[in-house]
Amino acid sequence: MLMTSVVGQVVWERMSGIKHIQMISGMNRGAYWMANFLVDLIKVELIVFITVVAFWQANLKYTTSWMTFLAWPLAAIPMTYVMSFMFTSESGAQTGTIFMNFGTILFGSTLVFFLRFIKEWERTGDFLNQFMKILPPYTLG
């Protein structure tokens, strides 16, 4: 859900022409993407930090997962930026992003889990596991 706000803003800026106006006014592309990344990183890390504190307060025994949670935005935000170029509307981008994230977590993890239990498909499950690790939602799920 966090990534939908990130992708929505990027697509809205591109489709409304604001990004184009900034570029023709002389803004450096690197500065544009770095500023977007830093603002999005702060937004997402704040929510992730609150989640990690909630896990700690609930006394859940996630001894090392907090590192994964805190590092996840560093991979998820750039992936979301790349995905934003597939969409031409803000709502379509948000819907596509949420389905891709939930689909990867739910169906990708489940598929790999079951493939690794079937002896004939174990190698396929291992390969799929290695391949899916490039997707941040899969590593989080």
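Of the candidates 44, 48, 6, the single residue that is of a type outside the set (S, T, N, Q), touching a Ser or Thr at 6+ places or on another chain (Cβ under 7 Å), closer than 22 Å to residue 137 by Cα and surrounded by 16 or more Cβ atoms within 10 Å (Cβ to Cβ) is 6.
Residues in the range 76-135 that are surrounded by 13 or more Cβ atoms within 10 Å (Cβ to Cβ) and of a type in the set (Ser, Thr, Tyr): 80, 81, 84, 89, 95, 97, 104, 109, 124.
So residue 17 ticks every box in (1) at positive phi; (2) surrounded by 11 or more Cβ atoms within 10 Å (Cβ to Cβ) but one. Which box is left unticked? All conditions pass for residue 17, except number (2).
Filtered by the rule that a residue be out of contact with any Leu (no Cβ under 9 Å at 6 or more places or on another chain) and either aliphatic (A, V, I, L, M) or at pLDDT 90 or above (or both), the range 55-74 gives 58, 60, 67, 70, 71.
The helices (runs of 4 or more DSSP H) found entirely in the range 27-141 that carry 3 or more residues being touching a residue at least 24 places away in the same chain (Cβ under 8 Å) and closer than 30 Å to residue 11 by Cα are 29-57, 65-84, 90-103, 136-140.
Taken over the range 10-21, the criterion of being part of a helix (DSSP H, G or I) and either free of Cβ contacts under 8 Å to residues at least 40 places away in the same chain or among the aromatic types (Phe, Trp, Tyr) (or both) is satisfied by 12, 13, 16, 18, 19, 20, 21.
The values are calculated or read from the model by the stated rules, or taken from the named source; none is laboratory data. None of the values given here were measured: they were computed from a predicted structure. Here the Cβ is made from the backbone with ideal geometry for all residues, glycine too, and neighbour counts use every protein chain on show.
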